[in-house]
1. Please work out the Cα center distance from the range B:91-161 to the range A:240-277, rounded to the nearest Å.
2. Counting only helical runs of four or more DSSP H residues, what would the 222 nm mean residue ellipticity of the protein assembly as shown come to if each run contributes -39,500 (n - 2.57) and the total is spread over all its residues?
3. First measure r as the distance between the Cβ atoms of B:Arg103 and B:Glu55, then evaluate 1/(1 + (r/R0)^6) with R0 = 30 Å and state the FRET efficiency to the nearest 0.05.
4. Provide the gained length on full extension for the span B:Asp83 to B:Ala171, in nm with one decimal, where the gain is 0.36 nm per separating residue minus the Cα-Cα distance.
5. State the antiparallel share, in %, of DSSP beta bridges confined to the protein assembly as shown, rounding to the nearest 5.
6. Of B:Ala48, B:Leu148, B:Trp181, whose Cα points farthest to the positive end of the dipole of chain B (charges on the beta-carbon: +1 Lys, Arg; -1 Asp, Glu; origin at the Cα centre)?
7. Relative contact order of chain A, please, whole-number percent, based on alpha carbon pairs below 8 angstrom and at least 6 residues apart.
8. Tell me, what is the FRET efficiency for B:Arg299 and A:Ser139 to the nearest 0.05, using R0 = 60 angstrom and their Cβ-Cβ distance as r?
Amino acid sequence: MNALVIETRGLRKEFSSRRGGLRVAVDDLDLAVPAGGVHGFLGPNGSGKTTTIRMLLGLARATAGSMRLFGTEVPGRLPEVAERVGAVVESPKFAPHFTGHQNLTLLARTIGAGSDRVDAALETVRLTGRERDRYKAYSLGMKQRLAIAATLLKDPDLLILDEPTNGLDPAGIREIRDTIRDLGASGVTVLLSSHILAEVQQVCTSATIIGNGRMLASGTVEDLLSTSGTTYRVRVADPAAAHRHLEAAGFTVSVGDHGLVIEGSRPPQDITRTLAEQGLWLAELTPIRVDLETFFLDLTRDETLGASR
Amino acid sequence: MRLLGVELTRLRWRRAVLALLAAAVVIPAFVFGAIAWETRPVTSADLAQAQQMVEQERDRGYVRRSLERCLERPEEFGVIDTDDLQAACEEVVLPQVEWFLTRQPLDLEQQLDETGSAIPVVLFVLLLLAGATFVGADWTSGSMSNQLLFEPRRTQVWAAKAGALVLAAAAVAAIAQAAFWLGLASLVRARDLPAPDDVWAQLPGLIGRGVILVAGAALLGYSLTMLFRSTVATLGIVFAVAVAGTFVIAVLPLGGDNERWMVQTNLLAFVQNGTDYYNSQVSVTCVGDGTGQDCTGLRRLSLAGATAYLGTLLVASVALGLATFRGRDVP
């Protein structure tokens, strides 16, 4: 079993509202991210993802619970592991009147890194040639790339990316996606918080889904999708007869655009046998895979409705 | 030390701070220029112009009538017991060249009392602004959180920024004041004017207190901005305290010693190595009875008293600013 790079136990964060009440942003969250690979951190807006990340990085104080990075208690001993953690939290935040190079130089000097590291990071994110422009003149995509360059200054073992592709063009998104995948494959652990679920599904090996500050599901992407059951599409010469016999056999059947849609956890041979016993021969039996987006929306529907009520 | 170096570099790259530091050098230089011009020696052209004005004045009717009246009734003009009445009346009534040469020569003692106190106060305001602006930009842009991702030890981050500001403020205050007084000393020497020894003896203390005051101002502006997380909020609070605080202190029952508790009185006392103020109650109620009772109401605020007052304000703002930065979430 892999060692845990990120571990939280009973993590809780309360904010006091101006009216004197309390708002719970993170509620008893147990998060476990194993070493290596890319771990998706998903949840609707306001579900507590960014607050959790900010607590892990020492920017926000937890109300209760414990957190560990690389097995080290944080925030108490965060300085011991801070150089192993690169992070982009929410939108990029740099001094607007400094150039991109100046912004990175200050951060590099903070950790004792030289200008060669700055130049290399800028080259990696394709900002060479614009590094002497003021940050405020950068496009949103360039700002995002500068933020990613900042994380590379540390040569981190853990990369925490909160919506890293915001504002990037399709080529930029693909580039960042490839970079994340390569980093995950090279042994760097990546915690990726993103709303673009198709993107997460493409690069993540595991994921945690939270809603209203609570954990809803966690595991490998494959395991998460398999828990939602499998749906099959069936085409036969007489769909009405097939519909009738399958329902009689206990299947949940609906009529789809391209045939009958059968939901349930029974194996596909049961469908074949039921229809064959009635002399109905299959023209098509196709498993319809549930994607992460569908799974996520199903899982968080109640949470989102609850939050909006 | 590494963090201090980073913050010094950040300070050097911050244009608004640089502009304020430059102003802290330029304004004393400008004041020096104004003093040098206003006290410049009388030239032959000045003398010729004064002579011309004297002659114009002597030709005026009222001057001639005054001279005639002086010759008739010299006692009205204070001319008594003189052998040469004509000369004595001319001296009293007729305009003299000196009357039109109003420029005073450079007086170091006078400058020490007046400008010597004003310059540290001007630098105080500028460096308070610089301290607030320096870190206010970090909060406005949100880059403070980015910095903490690279150095999460908040006390060290706070101290490094404060250290950079204090160093810069102290250096600028020392350079600006030293240059100002060196300039005046050079003028005195070049114009062959008297320079009392006690003036030179007071200068190191004046400059030293000015440096401490200006460094404290930078630290105060910085601490308050770390507390309120906004340059505008800091400046608003400082303005409110400066204006409203004076009114509030004025109406508090402090036994007539209200002036002693005003910020400006303490600033002046610190810069001037103590200052006098008036106890308003004594001034109103005291009746001189010849017993030696003090009816002037004049009181002395010592340097130690002013240092305790200003130091308490500074330590309180530093403690609050640091505690807040250590404890609160960073956006």
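1. 86
2. Numbers: 25 runs with 355 residues, N = 640.
Rounded to the nearest 500, the figure is -18000 deg cm²/dmol.
3. Details: r = 20 Å, r/R0 = 0.68.
After rounding to 0.05, the efficiency reads 0.90.
4. On the way: separation 88, 0.36 × 88 = 31.68 nm, distance 6.56 nm.
My answer for the length gained is 25.1 nm.
5. Details: 43 of 60 bridges.
The antiparallel proportion sits near 70 percent.
6. Farthest towards the positive end: B:Leu148.
7. Working: 575 pairs, mean separation 60.4, N = 309.
That works out to 20 percent.
8. Numbers: r = 64 Å, r/R0 = 1.07.
The calculated FRET efficiency here is 0.40.
The values are calculated or read from the model by the stated rules, or taken from the named source; none is laboratory data. Only a predicted model underlies this, so the values are computations on that prediction, with no experimental measurement involved. No Cβ is skipped: glycine too gets one built from the backbone with ideal geometry, and neighbour counts run over all protein chains shown. Surface areas here come from the heavy atoms of the whole protein model, side chains and all, with no ligands, DNA or RNA. Shrake-Rupley method; radii C 1.70, N 1.55, O 1.52, S 1.80 Å.
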